[in-house]
Protein chains: 2
Amino acid sequence: MPLVDTEQLMESTYRQMELSTERMRENLKGVRIVGVHSGKGGVGKTTVAINVAVLLAKNKRVGLLDADIDCPNVPKMLGITGTLATENGLIQPAEKHGIKVVSTALMRADDTKPFIMRGPMKHHILMQLLARTNWGPLDVLVIDLPPGTSDVPLSVMQLVRPDGIVCVTTPQDVAVLDAKKSINMARSLGVRVLGIVENMSGDVFGAGGGERAARELGVTYIGSVALNGDIVKASENGAPAVEASPKVRNDFERILEAAAL
Amino acid sequence: MPLVDTEQLMESTYRQMELSTERMRENLKGVRIVGVHSGKGGVGKTTVAINVAVLLAKNKRVGLLDADIDCPNVPKMLGITGTLATENGLIQPAEKHGIKVVSTALMRADDTKPFIMRGPMKHHILMQLLARTNWGPLDVLVIDLPPGTSDVPLSVMQLVRPDGIVCVTTPQDVAVLDAKKSINMARSLGVRVLGIVENMSGDVFGAGGGERAARELGVTYIGSVALNGDIVKASENGAPAVEASPKVRNDFERILEAAAL
């Protein structure tokens, strides 16, 4: 026997990856998976993911996975606290505003403690959340992706293979630039792009960047969400803005229609 | 000889890491290193890093490293285009507004192509940028970090060991939450926190979250930068807002003083 049995370690690591991919597929069989992404952070991916999920839940069974493993914000913005229970080794999602929610923010008591970890660990956690959550019957799973074109977005696009990606941008040039990277990433990995949403549109940040990018890249321009104190207030209160503001609800109804969600 | 000489591969990988760490230390000997971080994206880390660097350059020799390896925005916001030259195997930084700038955005012609890569590759590129750039004589190196508490921020805090970290937040709860994670990360890795800057302060996003977080965590509250169309416009035009707007310059002069930069 060698000091470290590398062969057995590799075999079991490989088998574990294969198993978690199989379990993930089995667990999400027949579920429509929609990813919300952008290259840049802070453009409102979580706002879009939450409001889309809550609105879809009016006539569908909807899950929302917070895939920002190290800096998760979904529970805070939905007013969900506490830690998730497990039953028979399966994670029980939280339920609020008609949707089922899983997030690493619901895995420990002190939410100011950082998850300091490298990519492979984030990948592993992502796969566990997908494979080992007891979602119950679902029609749609919305995945709120972290920014960037690295580990977690790559794992989701390569292994989870969503039915479509909604790309979020703000009107500013730098955000539009990163939205293009996001769309080119999805394309190069063979994932369908449902289109671009322009968030925080109007006033301070300008408008039209999202529509221009959609035209340049030949993807659908889904629509815009106006920069709006209602959305900020709703998030601070842990309530989805579609429920608090008829104006925001109207914006998101148009988004669901344009993205054929 | 085995088919794959794992021993030699490990030896050379290890030696390469050791060498790049040594080279990085040698290359930055005597340079004050300041990181700009936040857990959340889109809070204005790059805006703060750029404006701090440009203002510091009025009486110091300043470098700015864009450490957002996969979605770099510094060159776009400074109006720098083209690709960097190398000389004798060393990267020649771009020079603009009195500072020397290195970014992966200046490493290929098409800036809409994504860098799709996992953490270890980002770590490797980061170390190369630090070790193999011909900065010339520098007093200060400002590092614009990507969001999150994972690979690149971890590599910088663990291996580069900056003299201090400026933490950026917006007034909103979710951003403040992630700022706390950023500060707790720096603390747990033994990196000094210079304090918190509140960006996009006032009006739409509210105000006071940064100051409250500073009090709760017992760190310096450095000051705020008002949410301001001038900053957005300056970024779109590739000009630092401290040069375009006396009001913004005033905000940043207070920041340099309060952070003892």
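The values are calculated or read from the model by the stated rules, or taken from the named source; none is laboratory data. Just so you know, these numbers come straight off a predicted model, no measurement behind them. Because the Cβ atoms are built from the backbone with ideal geometry, glycine has one as well, and the counts that use them run over all protein chains shown. SASA here: full protein model, heavy atoms, side chains in, ligands and nucleic acids out. Shrake-Rupley method; radii C 1.70, N 1.55, O 1.52, S 1.80 Å.
In table form, for the structure just shown:
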quantity: Pair list, Cβ < 8 Å and 6+ apart or interchain, from region A:85-103 residues that are in contact (Cβ under 8 Å) with a residue 40 or more places away in the chain to residues that are of a type in the set (Val, Ile, Thr) and surrounded by fewer than 16 Cβ atoms within 10 Å (Cβ to Cβ); calculated: A:92/A:86
quantity: Test for residue A:36: is it open to solvent by less than 30 Å² (accessible area, probe 1.4 Å) and not in a loop (DSSP other than H, G, I, E, B); calculated: yes
quantity: Residues located in region B:180-207, provided they are crowded, with 19+ Cβ neighbours inside 10 Å and among the acidic types (Asp, Glu); calculated: B:198
quantity: Unmet requirement for residue A:154, which otherwise passes all of (1) facing chain B (nearest Cβ under 9 Å); (2) open to solvent by 50 Å² or more (accessible area, probe 1.4 Å); calculated: (2)
quantity: Qualifying positions in region B:222-254 - surrounded by 21 or more Cβ atoms within 10 Å (Cβ to Cβ) and small (Gly, Ala, Ser); calculated: B:223, B:224, B:234, B:235, B:241
quantity: Restricting region B:109-146 to residues that are part of a helix (DSSP H, G or I) and small (Gly, Ala, Ser), the residue that is surrounded by the most Cβ atoms within 10 Å (Cβ to Cβ); calculated: B:119
quantity: Selected residue (criterion: most open to solvent (accessible area, probe 1.4 Å)) from residues of region A:73-104 that are among the polar types (S, T, N, Q), part of a loop (DSSP other than H, G, I, E, B) and within 19 Å of residue A:115 (Cα to Cα); calculated: A:81
quantity: Helices (runs of 4 or more DSSP H) within region A:184-261 that include 1 or more residues in contact with a helix residue (DSSP H, G or I) (Cβ under 9 Å, 6 or more places away or on another chain), of a type in the set (A, V, I, L, M) and free of Cβ contacts under 8 Å to residues at least 12 places away in the same chain; calculated: A:229-236
quantity: Cβ pairs under 8 Å, 6+ apart, first in region A:144-173 and free of Cβ contacts under 8 Å to residues at least 60 places away in the same chain, second among the acidic types (Asp, Glu) and assigned to a helix (DSSP H, G or I); calculated: A:150/B:151; A:151/B:151; A:172/B:236; A:173/B:236
quantity: Residues within region B:163-176 that are under 15 Å from the mean Cα position of the chain (by Cα) and open to solvent by 10 Å² or more (accessible area, probe 1.4 Å), tallied; calculated: 1
